[in-house]
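The next block holds one structure in the form of structure tokens; read it before the comments.
The values are calculated or read from the model by the stated rules, or taken from the named source; none is laboratory data. In this text, all values refer to a predicted model and were calculated from it rather than measured experimentally. Heads up, the Cβs are rebuilt from the backbone with ideal geometry, glycines too, and the neighbour counts pull from every protein chain shown.
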Amino acid sequence: MHCQPDHERQVYIWTKSEQSCLLCDEPADGPLPLCHPCELELPWLAGQCRCCALPLPVDGVLCGACLKRPPAFARVLAPWRYAFPVDSLITRFKHQRQWPLGRLLAGALAEHLHQAFAQGLERPQALLPVPLSRARLRRRGFNQAALLARWLGEALDLAVDERLLRRIQDTPAQQELDAAARRRNLRGAFALAEPAGVAGQHLALVDDVLTTGATAETLARLLLKAGAARVEVYCLARTPSPGD
């Protein structure tokens with residue numbers, strides 16, 4: 001797409017010695033364009049379900065949904081709750097094409113994953129962005145999950161496969177649907193371009209936000225059915241339970 005940023009050019013000059021915080025415009029004091037006070041105020045995800053990363057009062061336990069119906073994906077890794085200002089930053093990146101904000105969020109997610117790998121998390125063999133249908137891609141002009149996957153791949157030295165997962169149905173948007181309706185909405189929506197290449201692979205889905213997990217669940221089941229050994233989910237933020 002012509003409106004999509006050129007993959008060969010940087011959206012932001014990360015090696016610039018004097019960066020300004022993209023949130024408050026004060027001098028940034030780290031490798032990312034983010035000052036320390038703003039970084040501390042982000043809604044970092046602390047207590048969470050050890051499988052789906054649902055925010056919980058305590059850490060390292062399974063939520064009721066995962067106990068009742070274990071998901072197909074092995075684990076969700078997300079640094080933040082979907083709350084202010086991260087929700088606003090994601091919206092501006094996703095719907096207003098403010099790509100520097102997306103690059104900032106991807107850089108922070110990469111640091112989160114670096115720490116997880118250092119603590120023993122197995123590195124996946126490839127990152128798979130959640131695909132958009134052709135119609136929605138034309139309307140939006142870019143796939144935010146594909147951009148996030150590219151930036152993560154560069155930062156983490158991981159392969160990115162943007163062709164394996166295909167969205168073959170342009171289903172209604174998921175935002176206004178409950179969990180059961182989301183699952184029904186996604187039946188038959190996805191396909192694999194090359195199912196034979198999945199066998200034995202450890203793969204990680206990449207998306208911006210995980211809400212009910214219906215999309216991740218559908219894609220993980222598709223990959224496991226084709227022979228994938230393990231599927232994880234890397235995303236920027238996890239929504240809390242309704243009313244939390």
Residue among 83, 72 that is under 24 Å from residue 130 (Cα atoms) and within 16 Å of the chain's Cα centre (by Cα): 83
Complete set of residues in region 86-102 that are among the aromatic types (Phe, Trp, Tyr) and more than 14 Å from the chain's Cα centre (by Cα): 99
Please state which one of 129, 71, 124 is in contact (Cβ under 8 Å) with a residue 12 or more places away in the chain and closer than 28 Å to residue 19 by Cβ. 129
Does region 195-205 contain any residue that is among the hydrophobic types (A, V, I, L, M, F, W, C), over 20 Å from residue 66 (Cα atoms) and modelled with pLDDT under 95? yes
Qualifying residues in region 206-227 (those that are among the small types (Gly, Ala, Ser) and at pLDDT below 95) - the one surrounded by the most Cβ atoms within 10 Å (Cβ to Cβ): 213
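Conditions (1) of a type in the set (Phe, Trp, Tyr); (2) modelled with pLDDT of 95 or more; (3) within 30 Å of residue 197 (Cβ to Cβ), marked per residue:
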| site | (1), (2), (3) |
| --- | --- |
| 48 | no, yes, no |
| 66 | no, yes, yes |
| 89 | no, yes, no |
| 95 | no, no, no |
| 105 | no, yes, yes |
| 119 | no, yes, yes |
| 136 | no, no, yes |
| 148 | no, yes, yes |
Can you tell me how many residues in region 224-244 are free of Cβ contacts under 8 Å to residues at least 60 places away in the same chain and under 11 Å from residue 204 (Cβ atoms)? 1
Report yes if residue 82 is modelled with pLDDT of 95 or more and of a type in the set (Phe, Trp, Tyr), otherwise no. yes
Pairs, please: C-beta under 6 Å, at least 6 apart or cross-chain, first residue within 18 Å of residue 133 (Cα to Cα) and surrounded by fewer than 16 Cβ atoms within 10 Å (Cβ to Cβ) and in region 176-201, second modelled with pLDDT of 75 or more and of a type in the set (D, E, K, R)? 191/166; 193/163; 193/166
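Let's see how each residue does on (1) on the phi > 0 side of the Ramachandran plot; (2) modelled with pLDDT under 95; (3) loosely packed, with under 15 Cβ neighbours inside 10 Å:
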| site | (1), (2), (3) |
| --- | --- |
| 7 | no, yes, yes |
| 33 | no, yes, no |
| 56 | no, no, no |
| 71 | no, no, no |
